[in-house]
């Protein structure tokens, strides 16, 4: 599972090289919300690794998308390979997915626990 924090840039590790079949491929990150079932597409650019045959680190900043399309919670994610310049998965096939998994998006002031008040004590379960 990958974790992306809101209002900051998060370096996220992917292993894309081993399944990439396109020469000069660029990558699209497709985030599918498990809460509201919206898709959000982002370009993965700026690989910061020295050895991309082993893994890739991409800086991801979701700040422009929060509040409009991204909410805090869990997402299924898919990384698509493409040679196109349009941020769209139209025309891509299932064989163009080079990685998939679960993602958690943490936004500031998002409380996921439950607080129970007791006259003598306060308990928070997370």
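The values are calculated or read from the model by the stated rules, or taken from the named source; none is laboratory data. As the structure is a prediction and not an experimental result, all values here were calculated from the model. Here the Cβ positions follow ideal geometry from the backbone for every residue, glycine too, while neighbour counts run over all protein chains shown.
Results, tabulated for the structure shown:
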{"item": "Every residue from the stretch 93-115 that is part of a loop (DSSP other than H, G, I, E, B) and either modelled with pLDDT of 90 or more or more than 18 Å from residue 65 (Cβ to Cβ) (or both)", "result": "93, 111, 112, 113"}
{"item": "Top-ranked residue in the stretch 9-21 [being surrounded by 12 or more Cβ atoms within 10 Å (Cβ to Cβ) and assigned to a loop (DSSP other than H, G, I, E, B); ranked as farthest from the chain's Cα centre (by Cα)]", "result": "20"}
{"item": "Flag for residue 38 being touching a helix residue (DSSP H, G or I) at 6+ places or on another chain (Cβ under 9 Å), at pLDDT below 95 and surrounded by 13 or more Cβ atoms within 10 Å (Cβ to Cβ)", "result": "no"}
{"item": "Scope the stretch 51-70; condition in a loop (DSSP other than H, G, I, E, B), over 25 Å from residue 95 (Cα atoms), over 12 Å from the mean Cα position of the chain (by Cα) and in contact (Cβ under 8 Å) with a residue 24 or more places away in the chain; matching residues", "result": "69"}
{"item": "Selection count where residues are more than 13 Å from residue 15 (Cα to Cα) and in contact with a strand residue (DSSP E or B) (Cβ under 6 Å, 6 or more places away or on another chain), scope the stretch 35-47", "result": "6"}
{"item": "Yes/no for residue 9 being touching a residue at least 12 places away in the same chain (Cβ under 8 Å) and over 20 Å from residue 82 (Cβ atoms)", "result": "yes"}
{"item": "Residues of the stretch 71-83 classified as surrounded by fewer than 15 Cβ atoms within 10 Å (Cβ to Cβ) and part of a loop (DSSP other than H, G, I, E, B), total", "result": "1"}
{"item": "Unique match (being under 18 Å from the mean Cα position of the chain (by Cα) and not in a strand (DSSP E or B)) among 48, 3", "result": "48"}
{"item": "Selection status of residue 43, farther than 17 Å from residue 7 by Cβ, under 16 Å from the mean Cα position of the chain (by Cα), surrounded by fewer than 16 Cβ atoms within 10 Å (Cβ to Cβ) and at pLDDT 85 or above", "result": "yes"}
